[in-house]
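Take a look at the structure below.
Values in this text are rule-based calculations from the coordinates and carry no lab data. Given the structure is predicted, the values throughout are model-derived calculations rather than measurements. A quick note on method: Cβ atoms are made from the backbone with ideal geometry, for glycine too, and the neighbour counts reach across all protein chains shown.
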Amino acid sequence: MTTESRIYWGVGIVSALVIAGSLLIPGEPRRSDDLPWHIEHPTPDSVRVFGLTLGESVANEAELRFKEEAKPSLFKSPEGKLIAEVFFEQVDLAGLRGKIVLTIDVPAAELQGMYERGLRMAATGSGKKITMTPDDIAKLRTWPISSLTYLPSLNVDEAAFLKRFGRPAQRIQENKSGLVHWLYPQDGLDITLGNGEKPLLQYVPPRNFDRLVNPLMANGSVLQ
């Protein structure tokens, strides 16, 4: 699974009114940073979400935070770009189960070495997936998290996001898919909505927000 190839999961039907009123929170959260809108800024240009500071916290810390062993993966895109990720299949936050993908900030030379040492390679819909060696997997867990993608298990309407996050600074619609991105540059947040799919929330440090926006601008249209 990669954040570049969108994967959604089916769930049962849930009352839209209930969801809109609580935005994914069926009860009181066990801790405030279980909430996707609880975004902190340790420094003006950094983001802390779900108890993890992007650009500083590492995958090992995420495993302790989510109480789940992450599934590490290395991907090679059709353009030849290498991307290292760890995937949490079932995270329980504020009583709601969801999925989380962390992109790991691994130096280019290290990524290339992991690729060359890979044990197996399999084709995916968005390139190739490489099975890493145990040593490289252990090393991957020590590198900082560059982005966090949260995929809640429930569908949510736009009104609920407006209530919790406020109006986005900008909205961009993908030309090909029709999906709409709500952009909050001050929080490094991109919320992807549309086509009846589950929402996708991606967080990056604000200093890296252009890396999200530039591809969208090149392949989408700004909405009024």
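Pair-distance distribution of segment 95-224: all C-alpha pairs, bin width 5 Å, starting at 0; shares per bin in whole percent are 2, 9, 15, 18, 18, 14, 12, 8, 3, 1.
Across segment 53-62, rounded Karplus estimates of 3J(HN,Hα) from the backbone phi angles (6.51 cos²θ - 1.76 cosθ + 1.60, θ = phi - 60°) give 8, 5, x, 10, 5, 10, 4, 4, 5, 5 Hz, Gly and Pro being marked x. Our estimate of slack between residue 68 and residue 208, defined as 0.36 nm per intervening residue step minus the Cα-Cα distance, is 47.6 nm. Counted residue by residue at 0.36 nm each, then reduced by the alpha carbon distance between them, the extension gain from residue 92 to residue 119 reaches 6.5 nm. At a Förster radius of 35 Å, what calculated FRET efficiency corresponds to the Cβ-Cβ distance of residue 128 and residue 46, to the nearest 0.05? E(calc), rounded to 0.05, equals 0.60. Quantify how much of the Cα-Cα distance distribution of the chain extends past 28 Å, in percent. When every Cα pair of the chain is considered, 29 percent fall beyond 28 Å.
A simple count of charges around residue 121, restricted to other residues whose Cβ falls under 15 Å of its Cβ and scoring Lys, Arg +1 and Asp, Glu -1, yields +3. Positive end of the dipole of segment 16-223 (Cβ unit charges, origin at the Cα centre): among 112, 205, 75, the Cα lying farthest that way belongs to 75. Segment 47-102 and segment 184-206 have Cα centres lying 16 Å from one another. Each of 148, 195, 165 was scored by the projection of its Cα onto the charge dipole of segment 141-224, and the greatest displacement toward the positive side belongs to 148; charges sit on the C-beta of Lys, Arg, Asp and Glu. Rounded to the nearest 20 debye, the dipole size of the chain about its Cα centre is 380 debye, using +1 on the Cβ of Lys and Arg and -1 on the Cβ of Asp and Glu.
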